[in-house]
1. Over the protein assembly as shown, with the other protein chains present, what is the accessible area per residue in square angstrom, probe 1.4 angstrom?
2. Computing the accessible area with a 1.4 Å probe over protein heavy atoms, can you report the carbon and sulfur percentage for chain C?
3. Roughly how big is chain C's charge dipole about its Cα centre, with Cβ charges of +1 (Lys, Arg) and -1 (Asp, Glu), in debye to the nearest 20?
4. Please compare each pair in C:LYS171/C:LYS311; C:LYS60/C:LYS498; B:LYS261/C:LYS182; B:LYS275/C:LYS35; B:LYS166/B:LYS188 to a cut-off of 29 Å on the Cα-Cα distance and tell me which ones are over it.
5. Do the sum for the protein assembly as shown: with -39,500 (n - 2.57) for every DSSP H run of n ≥ 4, divided by all residues, what is the mean residue ellipticity at 222 nm, to the nearest 500 deg cm²/dmol?
6. Under the definition of Cα pairs under 8 Å and six or more residues apart, what whole-number percent is the relative contact order of segment C:218-289?
7. Work from the charge dipole of the protein assembly as shown (Cβ charges, +1 for Lys and Arg, -1 for Asp and Glu, about the Cα centre) and give the residue of A:SER228, C:GLN210, A:GLY86 farthest towards its positive end.
8. Protein chains only, probe 1.4 Å: how do C:ARG486, C:ARG112, C:ARG307 rank by accessible area, largest first?
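The values are calculated or read from the model by the stated rules, or taken from the named source; none is laboratory data. Keep in mind the model is a prediction, meaning the values are calculated, not measured. Every residue, glycine among them, receives a Cβ derived from its backbone with ideal geometry; neighbour counts consider all protein chains shown. Areas reflect the complete protein model, heavy atoms only, side chains present, ligands, DNA and RNA absent. Shrake-Rupley method; radii C 1.70, N 1.55, O 1.52, S 1.80 Å.
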Amino acid sequence: MQSTISIFKRSGVQKKRRPKVEDFQATMKLVLKNKVSLTGLIITSVYFILALMDYVYPQYLGAGPGVVTSMLRFNGGFLGQGFPSGPTLAKGWWYYLGTTYANIPLFPAILSALYIDLGYSLMIVLSGAVIGILIGTFSAYYGGFWDELMMRITDIFYSIPFLIMAIAFTTILSYSLAKAHAPINGFSLIAIALIIIWWPTYARLTRSITLSVKSSRFIEAAIASGSSKVRNVFTHVIPNVLSPVFVQISLDLGSIVLIFATVEYLGLGSVIKVTQYTPELGELISAGQTYLPVGIWWPVFVPGIFLLIFTVGVNILGDGMRDVLDPKMRR
Amino acid sequence: MELRYYIIRRFLILIPTLFGLVLLTFILLRAIPTSDLIASFISQKATAQERVIEKQQAIAYLGLNQPLPVQFLYYLNDIIHGNLGVMYTSFYTGPVMGGIERFLPYTLELSIATVILSILIAIPLGTYIGARPNSPSDAIGRIFSLGVYAMPIFWLALLAQIIFGKNIGIFGSYGLPISGEGYPTTTKVPWIVNNVSEPTHMLFVDALLHGNLTIAYSAFIHLILPVGVLTLSILAGLLRFIRAGMVDTANQEFVKTARAKGVPEKLVLRRHVRKNALLPSVTVIGLLMAGLLGGVVVIEYVFQLRGMGRLTLATITGLNIQFYGVAGTVLFFGIILMITNLIVDVVYAFLDPRIRY
Amino acid sequence: MITQEENVKEISASKPYIVVKDLVTQFFTSKGIVKALDKVSFEIYPGEIYGLVGESGCGKSVTSTSIMDLIPDPPGRIMGGEIYIDSFNILSDLRSLAKIRIKSETEVKIKRSKRANKRHNEILSQIRGNKISMIFQEPFLALNPTMRIGDQIMESILLHNILSISDGIIKRHNLNSNDLDKFMKNLNGENDHLKRKKIINNFVSEFGIQEFEESLNSLIENSTDDSYVKTEIINMVQENKKNIDMKLISEIREYYYYKNQLFQLTLEEIQAERTGETAIRNQKHEQIKALRRYINNKYFVLRMKLRLAEKHYMAPFRKEARRRAIELLSLVNIAGPEIVVDSYPHELSGGMQQRAMIAMALASNPKMLIADEPTTALDVTTQAQILEIIKDLNELIGMGVLFITHDLAVIAEMCDRVGVMYAGNLVEETSTTEIFNDPKHPYTVGLMNSVPRADRKREKEIRLDTIPGTVPNLITPPSGCRFHPRCKFAMDICSLKKPKLVEISPQHKVACFLYSDESEVD
């Protein structure tokens, strides 16, 4: 009954796999074609440029590390005396968004906070991704015991609410490191704690891709030609993992910024005594909250809006990239 | 019959994870210098001589003179017997387990109300939007989901306070309470004072059961803002998921079959698309629960409510960090999440005929 | 049981059941407009098996899906043409469904009319599954995974057969001694065993008590006392009457009767719209509005009841439908239909699933079945069984079949007439014997030479050929005859004009300039 008809199979030369770089370029082209994703890209870029400028030329934006110290000098050094004042155009651009607790002008404080938030979040996501990729690909490629172990460990990490875990890890880590007199600031500590609990996401993601790559033909061919396991992982598996991980990073960046801000908002950063104080968006909101009961809303509202716009931008960019990379959506 | 075995099997899989969880908290505790760990067993008022004795007792109790694996067994034994250690904070002083027992009901009240409310909203709304992809209502839903998803929950809570809060927001003194102020304290609730029955330990439900409408009202208005904010925060994810499920299912072959049978469009959605689209949503509830439990901590902090979240934060924000408090609450939150996931899996297996082992 | 015995093979004399005329279906993708069907026309007569054959991507499935009007929108749309099913053109309101502005290949603005689409779908839901049914390539995907097989078949039965089911229930309810006397008289007047059985069979199916057929048979065999038999029958029926609210039954029957009326009126309205008789159209429109208002008012409570507790109120109907579902399952050779009826799709094998699909398609006794590669996803032995079932059904109840496949062997086995498709065009159409013995179109010739044939003896003929080149991209299809870039006999005209499908000998149509210079006019 079943007859094979050769011409019904499409003849012609099999398409060659496109190199990854070109693939990425094609993806970005499609992303840029979509107005929404383009907006996301623009928002994200503007934020990163602002943060970078603030880091490189703190004197122009008047921010950078130790901003509050300098601002206090600007205010005449009256910490705790300044009552927040509303947005005004009269006193120069520092005061466009009003001031917050201790009469610190919001605008420069937010700009320098961007550098902290974006910088550390990017560091967390990238480090988490690198660790996750290495653990995920190798354990899945080697399989057996290592794979099982990795799965169980990630299971444990997944079984604790993320924020609770972040709180616990930051606390314990900061305490023991402070005891050991490690030269480290509060932000880095939170970052380390978040990296420790963030890598399982990427390990799980890369694991599933690795398993499918592992069973594919070109890996079989590579094994047959005597290529070593480590080499295979680096030359064949990891390149395939990169683009979904890239999408995941762009989707996660928003979440991590939010979690970083939340942890700071809860006051975990101040568990460790730091001499040089730099604001962070969550902390700024927390400080602004002091006067909320008397109806002063902008110290809470404004930093939040900055946070919101960034996460929206990153999320729509990530969504756009996922839609493009998802073969189902590509017609 | 088969379902029973599935539940048992699923339960057995839980054991290694539980074991790993205990191991994790043990590692957290041992990451602290031992001297500090011992210090948390020594009372402040003790004399020098008593301190030496207490130190000896603590070492023996923790098994610090034994190798690490044995220490772990000591720890495991403690946990099996429900002994999670002691904490001393201005918020709560006493055994960690006792604190959990006391503060859990409030958190449960908050979470359960949130889960019920968000499911009640998400299912009709998600199916409505999912049935009309790329329509104006879909666009609104997407913007809403994206916006809320991108907001830090503490900011959302503060925003809610700015808008609806008593004496701050647009409703002035008729606004909703923004802190635990005015919440019926244990000394004012007759059935707690007189030690009568407290069937659920949740104030609102208990008040209704006792027929005390004044307390029920007070408990209720204190719930509105926190539950509202929590609901919004998980609604975003849930809506997105249900919408995606509807769109995905609508493109499946069996929906085409239903149309080919002549099933009217309305019934196609109701009978064929909706159930199949909502089934996977059951599994997200476990994931959302994780976010919800984290959110509860923040919400309790922002609204100054006395629940598990505040207990957790109290362990770290006092003058001395309460290591046993930290470990105990982490363990407990982990167990709650695991049980939720177990229930979710069982419910899923019960609902989906394809999953039966 | 289905008891139609029509004379099947009187094909040419009767009116075609399906007429497809100049069907154009396109898909709007981000890369451009895929011209999937380009003026396809053919006819299928009642009781014949019509095969559509061609390479994958040639538009066979798009054709069948278009006939059911199930083209997924977006991305696809039927852009023009006529499809008559049982003399009703389902595309008569095509123009009103959407306004389409094509700016460029990749930029198309479609503005759908909600109201027109709603009416269109209402009408089609009465036609689909009722006048024409469809089965699909992958039964596992085509069955709802969370619904029991029985429920899926019953759904189909309850959608289209509510009136006949309620008639059965009412008749059974009103069964009186007069009917019984008549039956006994008939029975006693007959001595032939088989004929007696037939009378019993007719009796039980007339009064909807098929479940008692066997006990009735043995009762009549073993008893000579008429009055005893009568009281026994009364008892049996009485048992069935329990818990049935006859008022509800007749109310539901009325409700569905009016809904049928509404459907008829809507058909007439559309017909009038098409012919431009505004007066009639307006009159029909008013009638529809009035009837709709009447139904909404009178049956408001009933509809709420059905909406809230359909399972409860429809129980007698469901019972009847379930019995029919079991019958249908045994009709398609499923062993143990009582068990299968309660199982879920994943509990069945692929072959069983496809049988269940066929049973579902037969639920409302349609005159035409579209089988879209029904055996491709099955293993070889099951394939043969499924094909046999389809063939049997065609012979037994005279059901016409539109059979879509890429497998020429299946065509040879199954079909009466064959249409060959290439790149969205029907290039040749003739009887099965002709197509194998005397293919005309160069593509068909190539197709025939590419499969091994047992009836070719000579060495030269045994050699298998392939057709050079590849299937064209339908976003930018070749001009003129779409086959010309791969054609050995291509002439100048082939790339300029599109050949028309013309009858070159009785029952044999070809679209090729080798045989006729008629071209299609645009």
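1. On a per-residue basis, 48 Å².
2. 50
3. 2300
4. Too far apart for the 29 Å limit: B:LYS261/C:LYS182; B:LYS275/C:LYS35.
5. Value at 222 nm, helices only, nearest 500: -19500 deg cm²/dmol.
6. 20
7. Going by the charge dipole, the pick is A:GLY86.
8. Result of the area sort, largest leading: C:ARG307, C:ARG112, C:ARG486.
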